[in-house]
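I have placed the structure first, in the form of structure tokens, so that the comments after it can refer back to it.
What follows draws every value from the coordinates through simple rules; no lab data is involved. As the structure is a computational prediction, the values presented were derived from the model and not from experiment. Reconstructed Cβ throughout: ideal geometry from the backbone, glycine too, with neighbour counts over all protein chains shown.
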Amino acid sequence: MVHVDAVPRLLIRRLRQIMAEPGSAQEQLDRIVGQIASLMVAEVCSVYVRRQDGSLELFATQGLKREAVHNTHMKRGEGLVGLIAEQAKAINLSEAQSHPSFSYRPETGEEEFHSFLGVPVLRGGRVLGVLTVQNKTRRQYTEDEEDALQTTAMVLAEVLAGTVERIDPSLPDGAPGRSRVLQGEQLSDGLALGHIVLHEPRVIVTQLVSDDPEAERVRLDEAIVDLRTGLDRIFANRDIAAAGEHHEVLETYRMYADDQGWRRRLHEAIAAGLTAAGAVERVRNEMRARMLRNADPYWRERFRDLDDLSDRLLRTLAGVPATGAHQVLPPDAILVARTLGPAELLDYDRERLRGLVIEDSGATSHVAIVAKALGIAAVGQARGIVEAVEPGDPAIVDATAGEIHIRPGQEVIGAFSDKVRFRARRLQKYSSLRGAPAVTRDGVRVALNINAGLMVDLPHLEESGADGIGLFRTELEFMISSSILGRDRQTEIYRAILETAGERPVVFRTLDIGGDKMLPYLRHEREENPALGWRAIRMSLDRTGLFRTQIRALLRAAAGRELRVMLPMLTDVAEFDEARRLIDLEIGLLSRFSSPPPRGIEIGAMVEVPALLFQLDEIARRADFLSIGSNDLFQFTFAVDRANERVARRYDTLSPAMLSVIRAIVAAAERHETPLTLCGEMAGRPLEAMVLIALGLRSISMAPASIGPVKAMLLGLDAAVLRTYLDRALAQGRRDVRAVAAEFASAHGIEI
Ligand code: PEP
Ligand code: MG
């Protein structure tokens, strides 16, 4: 008898012969189970293949009755075989028939066999089927035998992947999987139909067995060193946010990479005759099986980390690039990633990216910013997505509903294609308005500007036909960067923006860091209420170095041009005065370094903290322009956390209270002839924009995609008539401003 350790190696050798021999796929499989039975000294060896509904079909056997082949089916989870598949775990019994899960099948004639050893057949972490051996005597199979059968099952997985569909084309691998819908959370609105691309390419190990354990051991150790060095480098560069990894996950990876138990199991697998890659796959399969069995979310997470680490190690061993960014993408790629950082997303060919689905939230708020700027539909927190898809699978990302349809049926595709076509038609219509001046029917010219914050936003200025950039959120480039942006890099960015904008005005808002906008490389104390915490102008005035560097970069970038700088989160006019003093200091320094100054400098104040409402005259007198940050102003006036879905929409931005606030700001701006704009989200919603114009706003700034719809509304609007209509309704005591505005729009045929 051969030693069990040699079984997989001998089997591989025999397999080559068997596959080369003439015969049908079924005959080949029959011979393979015969071989396994003889090598394992078993009276029975059977292979069950998993169907798409989770049931298992007896596909080949040595020792059971032949007529049972393709006739014996176990439902999902049924019998010992079903249990093995369900739990991805071996079962080893000296008396199978007394096990509570044993399910007697008379057609197989298995009553005479008592001992039973079954293992899952896993490939790429999926259960393809179950491999069993049985004997008449009541014996306990040894651990070595169990190990040998597990490794044999890995070898068999390779054979099954190529054979099964030749026997029954309706079966797994090859045949498309079932349709599924997964739920996540919207990161960037939109709808995308396309094909799956995995951010972390999967490696399928084909070379499992080796005759040279020493060489394999060396390869494995080298790969672990490479992996470890790579992780250290990410830490050293503090590239974590840019790479989209959470700190803890990477720490966990590092811990496992050093884990002696993990390494020992890998070395044991190599000693048993596997290649380095085969050993990783083998240990990974065990981990997956444990993960599937363990209901505790904490442990499932840890096993998943190990699973990821194995993937990384396999890619290192196979010399496959760490991410899918450099492969040729399908023209309608839907990128699926466990975690993804903003910089990594920017590595992909944006022309071919349609959608994005991320499994873990991690750095998603930052990646969401980039996804929005690129205009791709994105969904986050989509648990299970990575395991549920195969590269090339058709999929639909419906970010509005936060859903991902995997391998959708024809009707679903048809329904969504209609939606996409409808959107495309609307977009076409808006683009035809691009060149039309934004003037209402009664001749009011309204400046329509875009909000931006990334270099990738710049094409939107041209595409939308906007008048300028009403809000450039300078913190966004900081957020997607792996380290703090120095003065020169900032100068480059700001100069590029001004150059693209040409004569169109650009309003640079100084860093609004803090709150929900943390920089991964800046140490931040945890705050109980970050929105009310140390952020924006408060941080700038405390950390003047950061603020002054930014001002210096802006001044240099705007040499010979108009520079507009805007200060966020002002609460007290003294803050404006202090910021202006610092800006003046920097202007003074310009001549010392003989840098040409900007042609003109305007310093604006954001009105977004209610305390400023009680200093409107003072601020309007001081500032060169005012901008209503309606997102924060609404949040603080109504005491609703803008990021908390439960309350964010509880009150209406078109309520009488908010209207009074806006009217007061408009009046103060008029009193002091200070230009006024509004740059919160409400400016981008046609109905709200309509009311803002009636209240007297002549400049608003919004997401680029809103320019078209808002302009379409504006072209049909008579602002003076609406103003009278609103005043009358409010005087009559109506409080449902939104309904009043909607009635007006509908009565006057205004597109909203
Ligand atoms: C606002 O608060 O309305 C605003 C425009 O700024 P942000 O959304 O960046 O806070
Ligand atoms: Mg704000």
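Helix 364-374 axis versus longest C-alpha principal axis of the chain: approximately 70°, rounded to the nearest ten. Computed as a quarter of the hull surface, the mean projected area of the alpha carbon convex hull for the stretch 86-130 stands at 3.5 nm².
The angle separating the long axis of helix 260-271 from the principal Cα axis of greatest extent in the chain is about 40 degrees.
Restricting the stretch 1-107 to chymotrypsin sites (Phe, Trp or Tyr not before Pro) that sit in a DSSP loop and have at most 11 other Cβ atoms within 10 Å of their own Cβ leaves Y104. I need the calculated FRET efficiency for the pair R504 and A639, taking r as the beta carbon distance and R₀ as 35 Å, to the nearest 0.05. According to the calculation, E is roughly 0.40. Annotation for the stretch 518-594: chymotrypsin sites (Phe, Trp or Tyr not before Pro) lying in DSSP loop with at most 11 further Cβ atoms inside 10 Å of their Cβ are F593. When only alpha carbons are used to place a centre, the stretch 716-743 and the stretch 618-653 end up 22 Å from one another.
Within the chain, the longest run free of exposed loop sites, counting GluC sites (Glu not before Pro) that sit outside DSSP helix and strand states (H, G, I, E, B) and have at most 14 other Cβ atoms within 10 Å, spans 96-350. In terms of its alpha-carbon gyration tensor, the stretch 629-752 comes out rounded; the largest-to-smallest axis ratio a/c stays below the 1.5 threshold.
Here R16 and V439 are evaluated by their C-beta separation; at R0 = 60 Å the FRET efficiency comes out at 0.15.
Over the chain, the Kirkwood radius and the radius of gyration, each from Cα atoms, give a ratio Rg/Rh of 1.09. Averaging the Cα positions of each part gives two centres, and for the stretch 318-385 and the stretch 442-514 these lie 23 Å apart. Footprinting exposure proxy ranking of V328, V737, fewest other C-beta atoms within 10 angstrom first, gives V328, V737. If a/c stays under 1.5 just call it rounded; otherwise compare a/b with b/c (prolate if a/b is bigger, oblate if not). Do that for the stretch 358-455, with a ≥ b ≥ c from the square roots of the Cα gyration tensor eigenvalues. Taking the square roots of the gyration eigenvalues as a ≥ b ≥ c, the stretch 358-455 is oblate.
Here the label points at D168 and S595, each 7 Å from Cα along the C-beta direction, are separated by 7.3 nm in the simple model. Between D624 and I484, the FRET efficiency estimated from the beta carbon spacing at R0 = 25 angstrom works out to 0.30. Take every DSSP beta bridge whose two residues both sit in the chain; close to 55 percent of them are antiparallel.
Modelled spin labels at V412 and F102, positioned 7 Å past Cα toward Cβ, are 4.2 nm from each other.
In terms of its C-alpha gyration tensor, the stretch 323-398 comes out rounded, because the ratio a/c of the largest to the smallest axis stays below 1.5. Taking the Cα centroid of the stretch 46-125 and of the stretch 557-607, what is the distance between the two, rounded to the nearest whole Å? So the separation of the two Cα centres works out to 76 Å. Axis of helix 7-20 versus longest Cα principal axis of the chain: the two differ by about 90°, to the nearest ten degrees. Over the stretch 489-568, the pair-distance histogram of Cα-Cα distances with 10 Å bins from zero comes to 17, 44, 27, 11, 1 percent, rounded to whole numbers.
Expressed to the nearest 5 percent, the antiparallel share of DSSP beta bridges inside the stretch 415-522 is 20 percent. Once the cut-off is 27 Å, how many percent of the Cα-Cα pairs in the stretch 426-574 end up in the long-distance tail? Tail fraction, whole percent: 31. Relative contact order of the chain: 10 percent, from C-alpha pairs under 8 Å at least 6 residues apart in sequence.
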